[in-house]
Amino acid sequence: MMYTMRYDSPLGGILLAADEEGLTGLWFETQKYFAAKLAPEHEEKMTPALDAACRWLDVYFSGREPDFTPKLHLVGSDFRQAVWALLRKIPYGQTTTYGALAGQLAEQSGKRVSAQAVGGAVGHNPVSLIVPCHRVVGSGGSLTGYAGGVEKKMRLLTLENSEAAKFYR
C-alpha cells in the first residue's frame with residue numbers, strides 16, 4: 001500500500017509518499033513529473049517513513065544540515081539508481097556538475113556516459129531534497145535543470161549557503 005501526506009514548506013507545498021519499505025516520493029506541488037509513479041490507490045496516513053521525512057524537512061528548512069536520512073525506497077532503472085546514489089554523496093552546501101557525475105559513472109562502469117543521460121536521471125529523481133538533485137549545476141555553474149524550477153533551486157542553494165548561490169545573488 002502507498003501512503004501520502006502533505007508538508008507545508010517555506011517554498012510551497014510538498015507531497016510525500018511512502019510504502020512499507022520507505023519514502024518513495026517527495027515532490028513540490030508545482031514541479032515537473034509531480035507525483036510520477038504514485039499509485040492511484042493510496043491513503044493519506046502518517047507512517048514511520050513519512051514522520052522521519054517530515055522531521056528531516058523541519059531540520060533542513062531551519063537552515064541546518066540534517067544528521068539522519070529517512071529510509072528510502074527508490075524505484076528506477078539500474079542507471080537511475082547509480083545516478084541517485086551519486087547525488088546522495090554530494091555534501092550539503094556544495095554543488096557538482098552533470099558532466100562531473102557522468103565522469104564518475106564512466107569511471108565506475110568503464111563505459112562512456114553522457115551528461116545529458118545523467119541530466120535525465122537527475123530530473124526524474126523521485127525524492128527531491130533528500131536525494132539532493134538541486135546540488136547539480138550546469139557547466140560553469142549555471143543553474144539549469146531543476147524539476148521544481150530554477151528559482152526554487154537557487155533558494156535551496158541559498159539556504160545551504162552554497163558557493164553557487166552566492167554567484168547568483
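The values are calculated or read from the model by the stated rules, or taken from the named source; none is laboratory data. Only a predicted model underlies this, so the values are computations on that prediction, with no experimental measurement involved. Don't worry about glycine lacking a Cβ; one is built from the backbone with ideal geometry, like all the others, and counts go over all protein chains shown. When the accessible area is computed, the model is the full protein with side chains, heavy atoms only, and any ligands, DNA or RNA have been set aside. Shrake-Rupley method; radii C 1.70, N 1.55, O 1.52, S 1.80 Å.
Considering the stretch 82-93 alone, what residues qualify as being more than 19 Å from Leu38 (Cβ to Cβ) and of a type outside the set (Lys, Arg)?
Ala82, Val83, Ala85, Leu86, Leu87, Ile90, Pro91, Tyr92, Gly93
Residues of the stretch 45-89 being open to solvent by less than 30 Å² (accessible area, probe 1.4 Å) and over 26 Å from Asp8 (Cβ atoms), which ones?
Answer for the stretch 45-89, where residues must be open to solvent by less than 30 Å² (accessible area, probe 1.4 Å) and over 26 Å from Asp8 (Cβ atoms): Val83, Leu86.
Might you check whether a residue that is at pLDDT 90 or above and either surrounded by fewer than 17 Cβ atoms within 10 Å (Cβ to Cβ) or in contact with a strand residue (DSSP E or B) (Cβ under 8 Å, 6 or more places away or on another chain) (or both) occurs anywhere in the stretch 137-148?
Checked the stretch 137-148: at least one residue is at pLDDT 90 or above and either surrounded by fewer than 17 Cβ atoms within 10 Å (Cβ to Cβ) or in contact with a strand residue (DSSP E or B) (Cβ under 8 Å, 6 or more places away or on another chain) (or both).
Suppose we keep only residues that are farther than 16 Å from Ala147 by Cβ and modelled with pLDDT under 80 within the stretch 14-40. Which one would you say is surrounded by the most Cβ atoms within 10 Å (Cβ to Cβ)?
Ala39
Can you tell me how many residues within the stretch 27-65 are part of a loop (DSSP other than H, G, I, E, B) and within 17 Å of Asn125 (Cβ to Cβ)?
So the answer is 10.
Tell me the helices (runs of 4 or more DSSP H) entirely within the stretch 80-169 that contain at least 2 residues that are more than 12 Å from the chain's Cα centre (by Cα), under 25 Å from Thr24 (Cβ atoms) and not acidic (Asp, Glu).
98-109, 115-123, 150-159
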